[in-house]
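**Q** Once you've had a glance at the structure underneath, I'll fire off some questions.
The values are calculated or read from the model by the stated rules, or taken from the named source; none is laboratory data. Bear in mind the structure is a predicted one, so any value in this text is a computation, not a measurement. For neighbour counting, all protein chains shown are included, and Cβ atoms are generated from backbone atoms with ideal geometry for every residue, glycine included.
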Amino acid sequence: MTPPKDSRSSRLSKNNKKNRQDDPFELWLKRGLHQLFDEVAREPVPEELLRLIEDDRKIRK
Amino acid sequence: MTSNFHDQVVTILPRLRVQALALTRNRTMAEDLVQDAVCNALAAQESFIPGTNFSAWMHRILRNRFISDLRKRRETTDIEDVPAAALATSASHEDRLALKDLAEALDRLPEDQREALIMVVIHGMSYEALAEATSCAVGTAKSRVFRARRQLEAWMTGDVPAGAALQARVARVKGILAERGVAGARVAGQGATELRP
């Protein structure tokens, strides 16, 4: 007997998700992107930019 | 509200820098773009409604500024500029080469796909938040991320006709993937965002 469509799609969806999580390329890609961009996000904010924001804060007080 | 607004601007700066770099692929242009976007945001702060999504509002301002600048000057890229810091890591020679290949492949992606992929992966942004930040439908946001990922996989693993350079790149990435296998990849993927819709 064929199982109801909903339960089949739910099972397929779970399998797909597991397959994706185990996909070495997907995981390699994520790690590579983090290596390329995490350092950029951690760099200190330029003083000039911070000063610009703080000057505007003072003006608006 | 004013003080809170400025605090939010300062807090979001690292994320703006990543978005700007994803769009421009050039460090100098990215820094300029962040500064210009912050100036625009400060000038338009009265139009921000407290309690609404500040992150999406700010990312939209940066994106609009980028598009506006792009209309004024044709896009330029400087692929040597971007991955320099990342490539100067303690990673193995093969890893560094693969990372450089990835950086070059990113450069070849359409900017909306590159931006979407990076905001989802690096910022852990949901598709809904990405859609709001880039003024598009959720389905479009999902599609951009999916197409970016699929295109990179095609380029990096050789699902396209290959010249000698590409064949070498494919061999490198395949070698790394084979070495690591699923077990190693699981560790790397902890907490990672799903890239496919």
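Each row is one residue, and each column tells you yes or no for (1) at pLDDT below 90; (2) on the phi > 0 side of the Ramachandran plot; (3) crowded, with 23+ Cβ neighbours inside 10 Å; (4) in a helix (DSSP H, G or I).
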site	(1), (2), (3), (4)
B:20	no, no, yes, yes
B:32	no, no, no, yes
B:37	no, no, yes, yes
B:51	yes, yes, no, no
B:60	no, no, no, yes
B:82	yes, no, yes, no
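**Q** Among the candidates B:22, B:56, single out the residue that is in contact (Cβ under 8 Å) with a residue 60 or more places away in the chain, facing chain A (nearest Cβ under 9 Å) and of a type outside the set (Asp, Glu).
**A** Working: B:56 fails: facing chain A (nearest Cβ under 9 Å).
Exactly one residue qualifies, and that residue is B:22.
**Q** If residue B:68 satisfies every condition in (1) of a type in the set (Ser, Thr, Tyr); (2) over 22 Å from residue A:60 (Cβ atoms); (3) within 12 Å of chain A (Cβ to nearest Cβ) but one, which is the exception?
**A** (3)
**Q** Separate question: Quick one: what pairs do we get from the range A:23-51, first residue facing another protein chain (nearest Cβ under 7 Å), second not in a helix (DSSP H, G or I), C-beta under 6 Å, 6+ apart or different chains?
**A** Here the result reads A:26/B:195; A:27/B:189; A:30/B:192; A:36/B:83; A:37/B:122, each pair linking the range A:23-51 to a residue that is not in a helix (DSSP H, G or I).
**Q** How many residues does the range B:135-153 contain that are closer than 22 Å to residue B:14 by Cα and at pLDDT below 95?
**A** 1
**Q** Look through the range A:35-55, keep the residues that are among the aliphatic types (A, V, I, L, M) and in a helix (DSSP H, G or I), and return whichever of them is surrounded by the most Cβ atoms within 10 Å (Cβ to Cβ).
**A** A:36
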